[in-house]
Amino acid sequence: MAATSASHDAAGVGITAAATVAAGSHVLEVEGYSKTKAAFRVGESIESGEFQVGGHSWLFRFYPSGEDVGDADWVVVFLRLDCTACACWHQEIKAWFSFALLSGHDGERADESMMTRQHTFDRWKHRRTGGGKFVETKLLESPRYLKDGSLRIRCDVTVVREFRPDQATTAVRIPTAPSPDLSRDLGGLLAGGQVGGDVTFEVGGELFTAHRCVLAARSSVLAAELFGAPRNDGGGAASSRIRIDDMEPGVFKALLRFIYTDASPEMEEGCDKVGMARSLLAAAERYDMERLKLICADMLCSYVDASTAATSLQLAKKHGCRRLEEACVRFLRDLLAGVDP
């Protein structure tokens, strides 16, 4: 029965101007684990060798039969800060630590940590150690962890060193993630419709080339039209050219742009914004695009006046736009309230 130790200490790594981190690991090998388990009573432990991490001395204790009678069926481990071997009498040491069993044919691969803790260590006895129940003893009977009867436990320690004004540190600038570019890329795909375009719409004498998969992903109605059964008039899934007779080219262009970019409709200078919003709302209803429908209804709410209220109210009732309906009713009620009898 014997125990051997090996350590690995990584150099401190700069994180920010506020703190640095040092990390290291230590492996304890227990030869003849079965005999060790039988020989050690509850509360008796094997102590690892000392190892250095972050300028501090550490060791850990391994209790094969548990630390007390309440955990006799468990292997217990405790990491300890050795204050007698380093100048930490007046310091609080913040550290993360984990314990894992080494497995595999070569005994070097660590299973996912079975214990991971954060602890503030200092010289006081009750804060000098951290740990507890590690793994049930029956699990260690598996040949997965015993190699030639030996057991290996690895402890990983990460120490956070607090920043001091007199210490020179170099901040690591982490760049912010760029803004999403999916809508921009799809918008470019629409602009260059000939690249991969597989369906053409004829609207008011103008041709618009698009991509079936994009359209189908954005509209259940278009998905049915483009990938459903062929229609008798030549449209549908079997056709690469579809004619739309009851929509203005400008409205269809705005509809396509929204499908590809999810951006609010752009109103060209001098265009009839109210008329465009109404037509686009009807198109959104037709192709089951609820978000576009709500956007158009909100736009129309901004243009409710004496000349638009009645027509917009009729449109709101037809397409189920409650907010627009309420805005029109409120305007008309206030308008009538202000008329002298």
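The values are calculated or read from the model by the stated rules, or taken from the named source; none is laboratory data. These figures come from a predicted structure and were not determined experimentally. Counting neighbours? That spans all protein chains shown, and the Cβs are built from the backbone with ideal geometry, glycine included.
Observations on the model:
- Filtered residue count, segment 30-45, keeping only those that are surrounded by fewer than 14 Cβ atoms within 10 Å (Cβ to Cβ) and small (Gly, Ala, Ser): 3
- The numbered conditions (1) free of Cβ contacts under 8 Å to residues at least 60 places away in the same chain; (2) surrounded by 19 or more Cβ atoms within 10 Å (Cβ to Cβ) are all true for TYR260 except (1).
- Single residue of segment 47-57 satisfying the filter (out of contact with any Lys or Arg (no Cβ under 7 Å at 6 or more places or on another chain) and not in a loop (DSSP other than H, G, I, E, B)) that is surrounded by the most Cβ atoms within 10 Å (Cβ to Cβ): VAL53
- Residues (at pLDDT 85 or above and in contact with a Phe, Trp or Tyr (Cβ under 6 Å, 6 or more places away or on another chain)) located in segment 82-100: PHE99
- You will find that of VAL42, VAL30, the residue that is over 21 Å from ASP82 (Cα atoms), assigned by TED's automatic domain parsing to the domain that holds SER98, in a loop (DSSP other than H, G, I, E, B) and out of contact with any Cys (no Cβ under 9 Å at 6 or more places or on another chain) is VAL42 and no other.
- Hey, ALA327 surrounded by 20 or more Cβ atoms within 10 Å (Cβ to Cβ) and more than 13 Å from ALA277 (Cα to Cα) or not: yes
- Note on segment 250-285: residues that are part of a helix (DSSP H, G or I) and within 33 Å of the chain's Cα centre (by Cα) amount to 9.
- Pairing residues of segment 291-318 that are surrounded by 22 or more Cβ atoms within 10 Å (Cβ to Cβ) with residues that are polar (S, T, N, Q), at Cβ distances under 6 Å and at least 6 apart in sequence or on separate chains, gives LEU300/SER312.
- Residue in segment 133-163 that is modelled with the lowest pLDDT, counting only those that are in contact with a Lys or Arg (Cβ under 9 Å, 6 or more places away or on another chain) and surrounded by 14 or more Cβ atoms within 10 Å (Cβ to Cβ): ARG161
- With respect to being touching a residue at least 40 places away in the same chain (Cβ under 8 Å) and within 43 Å of the chain's Cα centre (by Cα), ASP288 fits the description.
- First in segment 121-139 and within 17 Å of VAL76 (Cβ to Cβ) and assigned to a helix (DSSP H, G or I), second anywhere and β-branched (Val, Ile, Thr) and at pLDDT 80 or above, Cβ under 8 Å, 6 or more apart: THR137/VAL75
- Scan of segment 4-18 for residues that are at pLDDT below 65, part of a strand (DSSP E or B) and surrounded by 14 or more Cβ atoms within 10 Å (Cβ to Cβ), ordered by number: ASP9
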